[in-house]
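Everything on this sheet refers to the single structure shown next.
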Amino acid sequence: MDDHVLRGMAKWPNVPAVYGWLALDRRGQWLIKGERITNPVVVDFIGRNYERDADGRWFFQNGPQRVFVSLEYAPFVFRVTSAVSSPLELCTQTRVKPGGLKGAYIDEHGAIVVDTELGPGLVDDRDLDAVAGALVDAKGRQPDDDALDVMIECVQGGEDVPLWLEYGGARVKIGSLESTEAPRRFGFDPRPAAPHGHPECN
């Protein structure tokens with residue numbers, strides 16, 4: 001976190017938290033009351049001070065005030081930063097690259113979700129083709145388009161499919177995921193709300 005944020009937290013430790021103002025959409029865009037934040041300075045500030053608490057609630061620490069984030073899908077949205085024909089590289093909406101992948105999944109709608117040391121995240125739908133280029137079969141070969149389509153459909157149906165995602169010099173097996181199960185599977189709260197009886201700033 002920024003130094004001035006940490007100083008503010010120490011100086012004013014009991015500022016009521018904010019709920020229902022800030023959201024993260026499926027393409028990694030921050031929204032205030034449904035309006036996209038376009039100022040790059042503000043976007044970077046949020047990204048540098050984005051954390052989670054012990055209850056799996058993600059928040060932006062705005063000085064002494066904690067602003068909890070409503071998540072349209074997951075705490076992170078990953079974009080592909082690697083060049084064509086280069087090994088796959090991902091970066092979060094907060095401009096941090098994961099060191100590796102703990103898991104990779106395809107949901108019932110064809111979305112790709114990866115679990116990292118930073119936390120779980122959805123791959124931006126504009127980068128699905130690039131990520132598909134890093135999918136390999138049991139022999140390390142990239143399936144052709146028709147074979148890959150069949151394999152993805154089988155994963156979506158819950159079948160155990162010999163399909164892996166190559167990242168950071170390693171491979172992780174592709175598993176199936178129901179989108180509604182993502183919060184429970186990865187331990188995050190998509191809609192933080194103030195505990196009953198606690199002060200709330202909204």
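The values are calculated or read from the model by the stated rules, or taken from the named source; none is laboratory data. This is a predicted model, so every value here is computed, not measured. Using ideal geometry, Cβ is built from the backbone for each residue, glycine included, and neighbour counts are taken over all protein chains shown. For accessibility, only protein heavy atoms count, side chains too; no ligands or nucleic acids. Shrake-Rupley method; radii C 1.70, N 1.55, O 1.52, S 1.80 Å.
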Residue-normalised accessible area of the chain, expressed per residue, 1.4 Å probe, Å²: 54 Å²
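For the stretch 119-202, compute Rg over Rh where Rg is the Cα radius of gyration and Rh is the Kirkwood radius from the inverse mean 1/r over Cα pairs. Could you put the intermediate results ahead of the total?
Numbers: Rg = 17.6 Å, Rh = 15.4 Å.
With Rg and the Kirkwood Rh in hand, the quotient comes to 1.14.
Based only on Cα atoms, what mean projected area does the convex hull of the stretch 60-173 have, in nm²? Before the final figure, lay out each step's value.
On the way: hull surface 31.6 nm².
That works out to 7.9 nm².
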Binned Cα-Cα distance frequencies in the chain - 10 Å width, integer %: 8, 33, 32, 17, 8, 2
Give me the Debye-computed log₁₀ of I(q)/I(0) at q = 0.22, 0.29 Å⁻¹ for the stretch 16-66, equal point scatterers on Cα only, no solvent, two decimals. -0.87, -1.39
Nearest 5 percent is fine: what portion of the DSSP beta bridges confined to the stretch 62-202 is antiparallel? 70 percent
Net charge near THR92: determine it from the other residues with C-beta under 11 Å of the C-beta of THR92, scoring Lys and Arg +1 and Asp and Glu -1. +2
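Add -39500 (n - 2.57) for each DSSP H run of 4 or more in the chain, then divide by its residues: what number comes out at 222 nm, to the nearest 500 deg cm²/dmol?
Calculated from helices alone, the mean residue ellipticity at 222 nm is -5500 deg cm²/dmol.
Leaving out ligands, DNA and RNA, and with a 1.4 Å probe, what % of the accessible surface on the chain is carbon or sulfur?
Values: 5370 of 10890 Å².
So the carbon and sulfur contribution to the accessible surface is 49 percent.
Can you list, largest first and rounded to whole Å, the semi-axes you get for the stretch 67-130 by taking the square root of 5 times each eigenvalue of its Cα gyration tensor?
Values: eigenvalues 68, 41, 26 Å².
Largest first, the stretch 67-130 gives 18, 14, 11 Å.
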